[in-house]
Structure formats: C-alpha cells, structure tokens
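Any read-out appearing in this document is the output of simple, stated calculations on the displayed coordinates, not a laboratory observation. Since this is a predicted model, take the numbers as computed values, not measurements. Cβ atoms come from the backbone with ideal geometry, glycine included; neighbour counts cover every protein chain shown.
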Amino acid sequence: MADPSVDVVEGCRLPVLRKNQENEDEWPLAEILSVKEIPGRKLYYVHYIDFNKRLDEWVTPDRLDLKKLQFPKKEAKTPTKNGLPGSRPSSPERDVRKSLDLNGQSASAPSRGKSLPTPKRKAESVSLATQVTAATPVPSLPGPAEASQASVYPAMRDPSYSIKREEHEPLISLTTNGTARRLIPSQPGRKRKNCGGTDEMVKVFQNNSPHCSTIYLLPGEDSQDSSDGIPSAPRMTGSLVSDRSHDDIVTRMKNINCIELGRHRLKPWYFSPYPQELTSLPILYLCEFCLKYLKSLKCLQRHLTKCNLRHPPGNEIYRKGTISFFEIDGRKNKAYSQNLCLLAKCFLDHKTLYYDTDPFLFYVMTEYDSKGFHIVGYFSKEKESTEDYNVACILTLPPYQRRGYGKLLIEFSYELSKVEGKTGTPEKPLSDLGLLSYRSYWSQTILEILMSLKSENGERPQITINEISEITSVKKEDVISTLQYLNLINYYKGQYILTLSEDIVEGHERAMQKRLLRIDPKCLHFTPKDWSKRGKW
C-alpha cells in the first residue's frame, strides 16, 4: 500500500490496517499523530478515529492505505485586533460569554480550589460518562394536587386491583433475608447524609408470576432533584479530572513501551509523566511493593535487597481469604502515593496527575501469597469532598481485569460510605470501563433490594427511593439514573411505574451466580476520621 513518492505528515488521515476482536482485517480511519525514522524505514503513530486512545499504536508503512489519504486542512487566518497578529477582534457578545464562563467555573469549583474547567475537547471517555445520568424524557412529576386525586392505581397485569393511599411515616430500613418485610420506624439517633424524610414512595406489587413485579414511584415534596424529576447532569470536573486545555501532541502519545511489575509485564494504554530519560527504555522496571521505578533489571535486583516492604504502606483495614485492603494517607506516604499515581496514569486517560497527594486517601487492594501482598488495583478519594464523591480515581490493573475485582473495589468504596453514614458517588467523567463496572454494580445492587421485598399479612410492601439510597449508600441521582438506564420507568396515570420483567429477574439471578467475590462487612476494621477538625493535612 505504501508509495514512497507520497509524503505522509502529521495530521493526515487515512485508513489503517488492524485486527478486530474476531481477528479479522479491518481498515478504520486513523489520524497520523507522529512520524519517526528508524534505520531502514519510517514508523507512524496513529490514532483510530472514534476508537479509544488505548488502541493507538506505531504502524509500518505497509499498513497504510495511501489511496484514500486526506491531508490536514489549513486553518483559516485569525483576524487581527488593532493590526497585531494573533489577537482576535473583541465583540461585546464574546466578552459577555467569556465572563459568564469564568463566573460559572468559579461558582462550580469546590472550596479547595483543585477543580479544573470542563474539558472542551471531545473525548471518548467524556461522551460515555455523560450517559450515566442521561435519562429518556419522561413527563414531569405530578404535583401534590394531581397526585391526591389519583386514589386508584391499577397494577400492570391486574387492572381490577386497586390501592388505597394511606398516610404513613418514613421508612428507614428493611429486612433482606427473604422473610416478610417489616416496617421499622425512624431512629432519631441515626443520621444519614442526603436522605430526607418524605420522598418518592415505591409501591411494589407481586403479581401472579413470582418473577415479575410492578413498582409505583410517588413524588415527595422535598425532592432534591430538578423540577421535572430528572437529576441534573453531573459536574464534569473534579479533583483529578484532566484539563484538556493543556492537551498536546506529547500527552496524546504513549511514552512508555513496557512495564515490568512483579511477575507481570504490562503494555501501557496512555501517556504518563515518568522522567524523560526513562521513556526510551524498552522496559521500565517497578518494585511491586513500593512501586519505585528503575531503569534496569540489575537496578531492580539491587533495590530489592534493600527494600523491606512486602505490602503497601499504611494500615490494613480489611482481610478475607487472600484479599486485603490497605488505607494509605497521601501526606504520610507521599513517595508511594506519587508512584501509584504515575503507574495508574498509564491506564487512565481522563484523569490528570497531581504530585500533591496530601488531600487524598488511597485504598489499595492486594492478593496475598508466600512472597507478599501483590497490588491488584486501587481507588483514591478526597479526605474532604464538597460534592459527596467517595471515589476520585479507580483502577484494576490489566492482569486482574474481567475477574470481578473492579466490582469488588466499587463495593468496598460503598462499604466505607456506609460506615461513614454518607451516600457517595464517583467523580465524573468515568472512563468507558469504569462506566460499565459502575452501571453493572448499581444495577445488581438495586435489583437485589427490589427483588428481596416480600408481602406481609397480605399487604403490599413499600420502599422509597431515599431508603434504597440509604441502604446501599448509592447517591439518589445514581439510583434514579440506573432505573432509567435499565428502562424500568414508565409513566402511567400520573404515576412513575417500575416493572421488573421475568427477563430482568432471570438475567440478574444469572449475574449474581457468577459474582463470587463479595465484601464481608464483618472483616472491615475501619474508623472514619473527621478531617475538617484536623486543620491542615
């Protein structure tokens, strides 16, 4: 395919040969990001358009289809202001819009001042993450007057069935052991964050089929959602969200060829700001216990004779079987935390790296064997979050992916939130793999609760959206968006209805049978700290 007479430069687009998941040849359109010459030939670094950046690679000229080469378009000359080049003429409309943008950014930033502007570059992870709370349009929630007029709500498969609306006190918890459900009054001594008193009421109807139920959502007066009942879109910035305004050709290209970590060799997916002199090495060696980076195997062997660590620094707060979790303070263990962030950046594109790790806690999951505690994955969280974030970054290392560890990390983050008495949500945007893991976890957790509801004395069981949020520590907006993603919400005669079909129930049961790794709260030894009273970290 290559033609020596055609000069392929940076910015060109053309089809490039690659193998798909079925190991078949395909020719997706790709952009040339860089060109380098090695003895005897040229190599081209390509980004496949509409594909994730982790698939970017160096290719040889024989994989390029030069017949369909598209040269980069010349940018239009920027008008000048006062005859000076590089300065655009001012307009009142643009000045007002700019001032509004600046005000909006400052208003949405948390008090700690780490927030970054909303990324303007179109990225795969951003567009995917916005789907977490994207809801299909539904009619607005009925007002109190309209709701009070509807005294009869027919069940989906039993039109003759009627329900008498009754006044009742808010529900705080329910039993999930498969027995009849008891209503437990509010406990004044127990405080939960972001869980109101009266809220959307869910009425569950068990139909003739034991695998199908219909749920009615009744709105409350103190709903924290928007006026139309749909949660507002999440703020696409956070403590570690990447600032795309500084994106350049260097950070768009993988700079580390290979990483050796213990018994694994990892191929990085993205750029990571390791020292420049290490980027030309064929293999970068890491100590798997302290994560220090070294330039050769000999240096690693010499380091191992002096490194006494056989587990991450910090406190072990969970152990069951071979799985352990360690809590690491980013201020007390700064070197380890920075090395962890450098490693994680190789596999996270949507987060930026901060060497200032003081405001963060890191929870590292390990697998134990006779040689020590080997890192499997981790998540970080802010010591104080104004947005109720319980996860800043989350990563399962590639050798351990697709084995249930990602969901275990997510479950552990919510167990910590339960101990703290809070509801939590991950920082947005999520990566594509993170989005899949969170959607799956939220779906299984919520369906597990809905399916556990049983009738008592012939009465229909009841549960609220806020109660689901309180039991699971999943933020209410995530509960609602998950129900919408599962396409369970319908609007019928002034009411929001959730219908659990047999397919959903059977699919959930199959998924839970495969989910062998679970967090045991009895094995968690964790005492939350009040960081607001500790002054400077």
So, for the Cα atoms of segment 259-361, Rg and Dmax in Å stand at 14.2, 41
Counting sequence-distant residues (5 or more places) and residues on other chains, those with an amide H built under 5 Å from that of E288 are G262
The simple spin-label model distance between R518 and D369, using points 7 Å out along Cα→Cβ, in nm, is 2.8
To the nearest 0.05, the calculated FRET efficiency linking N457 and K493 through their beta-carbon distance, R0 being 35 Å, is 0.80
Which of K381/K529; K267/K306; K345/K371 exceed 20 Å between C-alpha atoms? The answer is K267/K306; K345/K371
Sorted on mean Cβ neighbours within 10 Å (highest first), peptides 345-351, 66-72 come out as 345-351, 66-72
Residues of segment 18-32 with backbone N under 16 Å of the label point set 7 Å from the Cα of K68 along Cα→Cβ are 18-20, 25-32
Scalar couplings 3J(HN,Hα) for segment 299-315 by Karplus 6.51 cos²θ - 1.76 cosθ + 1.60 (θ = phi - 60°), nearest whole Hz, x for Gly and Pro, are 5, 5, 4, 5, 5, 5, 6, 10, 7, 8, 6, 10, 7, x, x, x, 9
Flagged as over-length at 30 Å C-alpha distance, from K334/K407; K298/K351; K53/K476; K254/K422; K292/K475, the pairs are K298/K351; K53/K476; K254/K422; K292/K475
